[in-house]
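As structure tokens, the structure follows; a few thoughts come after it.
No value in this document is a laboratory result; all are computed from the given coordinates. As the structure is a computational prediction, the values presented were derived from the model and not from experiment. Backbone-built Cβ (ideal geometry, glycine too); neighbour counts: all protein chains shown.
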């Protein structure tokens, strides 16, 4: 797919509130808008890991929530669980666990994963029950809407929507090009 | 375009054009007309076909964003050349909470009127229109057929309408 003059761009720049893996001064930033219950996002999960491995310190990865809650009834709560884990310093561990266990995202299972990861599970359970992190998830969702997110996953490379394929080779090629 | 009734210049109706009125089936027993929505903005989303095989296809995405559109008092109408029964099944499957209109007979007539029919494929373009409460097109956009345009352009157009109303 060729780039369009009016290609959608990230409306809210990456900042310190984002969940980031990689160095802040990396020449390439890949932002993923994802949904933990979306099978395509699950498929993209090892691909993102692979390109992280390939680009090393040249790549920073950001994950923002885009739960399609009308389609995926557990997606919003799963996102809230990831936020609850983030507060205890384990966002990416929970992110991985949620994709790994995508077929088991009931509340009690979310709490169980928090326990497995060595988090204060009672606090996570409480946050889920109270929807403590719903506004954070909503904020990500709306930033995605404003940025032209058009399904899940949607990727942005250095702020521009990546409309091409996100299979490993084309995604890695697009990232390499952005790194040049 | 081979179609004789197509607008000579082609392309979507530009801002400032009066939006052609229409009446189309929304379910096997009901119709929806553009003039039903006088006084509020209408988002008209033409899309090529029901049943695209991805999560969060364009209509499912707009279903998620519907509360945002409603904050502007805007109504959302999806339009494709699929028939009313097809729309019904698709809409139920995706739990859509806005009408899908069947531009089915004569096929694509409304899309032609808006300059967004693809005669070669027999489908509409992936085209968006924001129409103001007086029935005038305020924004239009045609996306590459394979690219779901998202909703950012719609929201910017609704913002601009709001600003105009207030200003």
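What to note about this one:
- Only one of the numbered conditions (1) more than 14 Å from every other protein chain (Cβ to nearest Cβ); (2) touching a residue at least 60 places away in the same chain (Cβ under 8 Å) is not met by residue A:90, and that is (2).
- Count - residues of segment A:136-168 that are part of a helix (DSSP H, G or I) and within 16 Å of the chain's Cα centre (by Cα): 11
- Selection within segment B:67-95 - assigned to a helix (DSSP H, G or I) and in contact (Cβ under 8 Å) with a residue 40 or more places away in the chain: B:68, B:69, B:84, B:85, B:87, B:88, B:90
- Residue match in segment B:88-96 (condition: over 13 Å from the mean Cα position of the chain (by Cα) and closer than 23 Å to residue B:131 by Cα): yes
- Count - residues of segment B:96-117 that are in contact with a strand residue (DSSP E or B) (Cβ under 8 Å, 6 or more places away or on another chain) and without any contact (Cβ under 8 Å) to a residue 60 or more places away in the chain: 3
- Failed item, numbered, when residue A:82 is tested on (1) outside any helix (DSSP H, G or I); (2) more than 14 Å from every other protein chain (Cβ to nearest Cβ); (3) touching a strand residue (DSSP E or B) at 6+ places or on another chain (Cβ under 8 Å); (4) within 27 Å of residue B:66 (Cβ to Cβ): (1)
- Within segment A:127-162, tally of residues that are more than 24 Å from residue A:51 (Cα to Cα), away from every other protein chain (no Cβ under 13 Å) and touching a residue at least 24 places away in the same chain (Cβ under 8 Å): 7
- Residue match in segment B:53-60 (condition: within 14 Å of chain A (Cβ to nearest Cβ) and surrounded by fewer than 18 Cβ atoms within 10 Å (Cβ to Cβ)): yes
- Residues of segment B:18-33 that are in a strand (DSSP E or B) and touching a strand residue (DSSP E or B) at 6+ places or on another chain (Cβ under 7 Å): B:18, B:23, B:24, B:25, B:26, B:31, B:32, B:33.
- Residues located in segment B:119-167, provided they are free of Cβ contacts under 8 Å to residues at least 60 places away in the same chain and either touching a helix residue (DSSP H, G or I) at 6+ places or on another chain (Cβ under 7 Å) or buried (at least 18 other Cβ atoms within 10 Å of the Cβ) (or both): B:143, B:152, B:153, B:157
- Which numbered condition residue A:124 fails, given (1) touching a residue at least 40 places away in the same chain (Cβ under 8 Å); (2) surrounded by fewer than 22 Cβ atoms within 10 Å (Cβ to Cβ); (3) more than 14 Å from chain B (Cβ to nearest Cβ): (2)
- Residue match in segment B:104-114 (condition: crowded, with 22+ Cβ neighbours inside 10 Å, in a strand (DSSP E or B) and away from every other protein chain (no Cβ under 14 Å)): no
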